[in-house]
Amino acid sequence: MPVILEKKYENNISLAVWQITESHDELQAMLPSEILTDAELASISHPQKQIEFFCSRLVIKHLANSLDIKYLGIKKDENGKPYLAGSKWQMSITHTSNYVAAVMHHSEALGVDMEKPSEKLKRIAHKFLSETERTEAESDIEKLCIYWSAKEALYKLYGKRKVIFNENLYVFPFLKKQVKISGKIKINDINEEYIIYIEKIDGYILVVAGK
């Protein structure tokens, strides 16, 4: 089982990162039929998307086992936010072509995202950063990636639609060497600050947001 990183943060958020090395059939064989239904599999046509789906379930199953939680699968709410079936534990998932990561907390909402820095972020920075944040980022690709991933994690934590990234989500100034920064969600009646943890894995930026 290729879990390459597993840790617990100071606020009891548990993280696991799975490196995708298995074949499609190997991954499918790891999931019991009561967790992977034929209907779920039929709804995903692309083989790579199926692999990501398998791994997301497996990494959550791994975390649940580590935390002594009965794993009954993952469902989605009316906003498309995934949640653990039959449990009050909060969770979030992210995936790339090479990795899948998941976080869990016994009561607080949380979010996770994993991205690789790219030049594209410079072109779309105005869409997800405020003017202040764009000045702070200084067109640095790694900083832009941290900003983007942090806001994606905050968006997942919030768990509802109609969020404007450059208005409703804010990341406070930070240095690239920091492993813990801060952010805020400000929308409707919510004005809350959150802790944002940063991990760097094989050229990727992984970000975890929580209380």
Listed by chain and number, the residues whose amide H is under 5 Å from that of Ile201, excluding neighbours fewer than 5 places away on the same chain and using placed H, are Leu206
Considering Cα pairs under 8 angstrom that are at least six residues apart, work out the relative contact order of region 60-145 and quote it in whole percent. 18 percent
Take every Cα-Cα pair in region 1-92 and report what % of them are more than 18 Å apart. 47 percent
Given a Förster distance of 22 Å, the FRET efficiency implied by the Cβ-Cβ spacing of Glu108 and Asp140, rounded to the nearest 0.05, works out to 0.10
Taking N as the number of residues in region 116-211, what is its alpha-carbon radius of gyration divided by 2.2 N^0.38 Å? 0.99
Return the lysines within reach of Lys122: Cα separation strictly under 16 angstrom, same-chain partners fewer than 8 residues apart disregarded; answer none if there are no such residues. Lys143, Lys151
Contact order relative to length for the chain, counting C-alpha pairs under 8 Å separated by 6 or more residues, stands in percent at 17 percent
Dipole magnitude of the chain, debye to nearest 20 (Cβ charges: Lys/Arg +1, Asp/Glu -1, about Cα centre): 420 debye
Are any of the pairs Lys70/Lys184; Lys70/Lys162; Lys61/Lys120; Lys7/Lys116; Lys120/Lys162 more than 28 Å apart by Cα-Cα distance, and if so, which? Lys70/Lys184; Lys70/Lys162; Lys61/Lys120
Highest average packing first - 109-119, 158-168, Cβ atoms within 10 Å: 109-119, 158-168
Kindly state, as a whole number, the per residue volume in cubic angstrom of the convex hull around the alpha carbon atoms of the chain. 129 Å³
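Readers should treat all values here as calculations from the given coordinates under stated rules, not as data from a laboratory. Quick caveat: nothing in here was measured; it's all calculated off a predicted structure. Here the Cβ is made from the backbone with ideal geometry for all residues, glycine too, and neighbour counts use every protein chain on show.
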